[in-house]
1. Can you tell me which residue among L80, L85 is assigned to a loop (DSSP other than H, G, I, E, B), under 13 Å from L20 (Cβ atoms) and open to solvent by less than 60 Å² (accessible area, probe 1.4 Å)?
2. Before we move on, is S112 in contact (Cβ under 8 Å) with a residue 24 or more places away in the chain, surrounded by fewer than 21 Cβ atoms within 10 Å (Cβ to Cβ) and not aliphatic (A, V, I, L, M)?
3. Of all residues in region 34-62 being touching a strand residue (DSSP E or B) at 6+ places or on another chain (Cβ under 6 Å) and outside any strand (DSSP E or B), which is nearest to C22 (Cα to Cα)?
4. Name every residue in region 9-36 that is open to solvent by 50 Å² or more (accessible area, probe 1.4 Å) and under 10 Å from the mean Cα position of the chain (by Cα), in order of residue number.
5. Only one residue in E44, E6 is at pLDDT 95 or above and loosely packed, with under 14 Cβ neighbours inside 10 Å, so which one is that?
6. Taking the condition charged (D, E, K, R) and either open to solvent by less than 20 Å² (accessible area, probe 1.4 Å) or over 20 Å from V2 (Cα atoms) (or both), does D61 pass?
7. Need the failing condition index for T74 against (1) over 18 Å from G101 (Cβ atoms); (2) assigned to a strand (DSSP E or B); (3) open to solvent by 40 Å² or more (accessible area, probe 1.4 Å), just the number.
8. Taking the criterion of being in contact with a helix residue (DSSP H, G or I) (Cβ under 7 Å, 6 or more places away or on another chain), surrounded by 13 or more Cβ atoms within 10 Å (Cβ to Cβ) and of a type outside the set (G, A, S), would at least one residue in region 102-109 satisfy it?
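The values are calculated or read from the model by the stated rules, or taken from the named source; none is laboratory data. From a predicted model like this one, the values you see are computed outputs, not experimental measurements. Every residue, glycine as well, gets a Cβ built from its backbone with ideal geometry; the counts of neighbours run over all protein chains shown. Just so you know, the surface numbers come from the protein's heavy atoms only, side chains and all, with ligands and any DNA or RNA stripped out. Shrake-Rupley method; radii C 1.70, N 1.55, O 1.52, S 1.80 Å.
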Amino acid sequence: QVQLVESGGGLVQPGGSLRLSCVTSGYSFSTYGMSWYRQTPGNERELVADISSIGGTKYADYVKGRFTVSRDNTKNTAYLQMNSLKPEDTAVYYCNQPFLGYWGRGTQVTVSS
């Protein structure tokens, strides 16, 4: 059974940092790329960042220079390091295995003073 479980969300002040984790199981993690999305109420999920199976990365323009996506194949885990957080980064963040179509349940990130 494939599982993707996000963690690391929470409440942080503007300018702060959080590190999200996505622990996966049930498939060959190292074979596939991973994606991070976010969603706010009433809006569609939007792509935040991608990381390929060999570590190549892509970012949405609105997070470039602030967020870093990474992976640890020994732990079957993907990460999203988020720095210089802004109130507009407030959302539920999801990890996604795009080729197989699996999603985690999400973790809430709230940026507020």
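1. On the way: L80 fails: assigned to a loop (DSSP other than H, G, I, E, B).
Being assigned to a loop (DSSP other than H, G, I, E, B), under 13 Å from L20 (Cβ atoms) and open to solvent by less than 60 Å² (accessible area, probe 1.4 Å) holds for just one of L80, L85, which is L85.
2. Yes, satisfied.
3. Residue satisfying both the conditions and the ranking: R45.
4. Of the residues in region 9-36, the ones open to solvent by 50 Å² or more (accessible area, probe 1.4 Å) are 11, 13-15, 17, 19, 23, 26, 28, 30-32.
If the condition is that a residue be open to solvent by 50 Å² or more (accessible area, probe 1.4 Å) and under 10 Å from the mean Cα position of the chain (by Cα), then R19 is the only one that fits.
5. Values: E6 fails: loosely packed, with under 14 Cβ neighbours inside 10 Å.
So the residue among E44, E6 that is at pLDDT 95 or above and loosely packed, with under 14 Cβ neighbours inside 10 Å is E44.
6. Values: charged (D, E, K, R): yes; either open to solvent by less than 20 Å² (accessible area, probe 1.4 Å) or over 20 Å from V2 (Cα atoms) (or both): yes.
Here the answer is yes, as D61 does meet what is asked.
7. The number of the failed condition is (2).
8. Keep residues of region 102-109 that are in contact with a helix residue (DSSP H, G or I) (Cβ under 7 Å, 6 or more places away or on another chain), which gives 109.
If we keep only those that are surrounded by 13 or more Cβ atoms within 10 Å (Cβ to Cβ) too, we end up with 109.
From what's left, of a type outside the set (G, A, S): 109.
For region 102-109, residues in contact with a helix residue (DSSP H, G or I) (Cβ under 7 Å, 6 or more places away or on another chain), surrounded by 13 or more Cβ atoms within 10 Å (Cβ to Cβ) and of a type outside the set (G, A, S): present.
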